[in-house]
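Comments concern the structure below.
The values are calculated or read from the model by the stated rules, or taken from the named source; none is laboratory data. On a predicted model such as this, the values are computed, not experimentally measured, just so you know. Ideal geometry is used to build each Cβ from the backbone, glycine not excepted, and the neighbour counts take in all protein chains shown.
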Amino acid sequence: MANSSGFVSYFGTELRRHRERMGWPREQLAERVPWSVWTVASVEQGRRKPPPGLGEHADALFNLPGVMTELSKKAQDDGSPFGDRIELEQRADTIYEYDMRLVPGLLQTKAYARLVHRARRHLSPEEVEELVQLRMRRQRILDQEPPPLLHAISDEAVLCRRIGDPAAFREQLQRLAVPRRNITIQILPFSACLHEAIGGPISVMRFPDAPDVAYSDGWSRGQLIDTPGEVLRAHRAFQQLAALALPPDMSAEMIEAYAEEA
């Protein structure tokens, strides 16, 4: 896994080294911190950044003078609140994604992404462009060989929420309607009933060499979920959405209809 910072891997290596120095299995360390053994394993293996507070807990447990706290801060400093997600996407062979607000980031056009980021008024024009370029780089995984499989479900509301001028929005919808061998798109119509993912966007990523993880997209930052029970719950929520959503061919017809009206 290519981390955005070598400190991510280094923190995990040091956490494991000090745990083993104490003679503790992972389960014993997990009992002493407010995170699951699955989170501890993910951090030690460099699959995720240390969650806030883990460095401080490690320093207290291992009697270290702020060493792990400082490493944790450096591991977190990747310039993006969604660094974990970006790193994990690079390794995933299948990505399931649901969003009721916007077109999923992996499928956004440059113009649409720019308008979305401009809505965050605290960002400078330079920061907006940096985030747009980051989003475009994320999308390169869909063109690699072999590409990951992407199954995206969007609410019908996304097709109604006109972002920017009609031409830019029409371009975005037309992009969604173009068939690609590794991408499945479904639309959840207004007629769909309540579902378990009503609380917000969710992604699930599968890997050829590691356990699945989920990612919940929040107001200011995302939350990585790697506890097996919670990941299974996310899988089931997505499966429910897929059953409620229109099949891909009907979804494409709906997208094209909205594009014509944009």
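Key figures for this structure:
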quantity	calculated
Residue list for the range 96-115, filter: closer than 26 Å to PRO147 by Cα and among the hydrophobic types (A, V, I, L, M, F, W, C)	MET100, LEU102, VAL103, LEU106, LEU107, ALA111, ALA113
Residue check for ILE187: under 19 Å from TYR98 (Cα atoms) and either outside the structural domain of VAL204 (by TED's automatic domain parsing) or outside any loop (DSSP other than H, G, I, E, B) (or both)	yes
Residues being under 23 Å from TYR215 (Cβ atoms) and either at pLDDT below 90 or assigned to a helix (DSSP H, G or I) (or both) - total across the range 129-155	14
Every pair of residues 6+ apart whose Cβ atoms lie under 7 Å, when the first sits in the range 216-239 and is on the phi > 0 side of the Ramachandran plot while the second is modelled with pLDDT under 90 and buried (at least 16 other Cβ atoms within 10 Å of the Cβ)	none
Top-ranked residue of the range 232-250 - restricted to ones that are in contact with a helix residue (DSSP H, G or I) (Cβ under 9 Å, 6 or more places away or on another chain) and part of a helix (DSSP H, G or I), ranked as farthest from GLN174 (Cα to Cα)	ARG233
Candidates LEU15, LEU88, LEU64 - the one that is touching a residue at least 40 places away in the same chain (Cβ under 8 Å), outside any helix (DSSP H, G or I) and either surrounded by fewer than 18 Cβ atoms within 10 Å (Cβ to Cβ) or not acidic (Asp, Glu) (or both)	LEU64
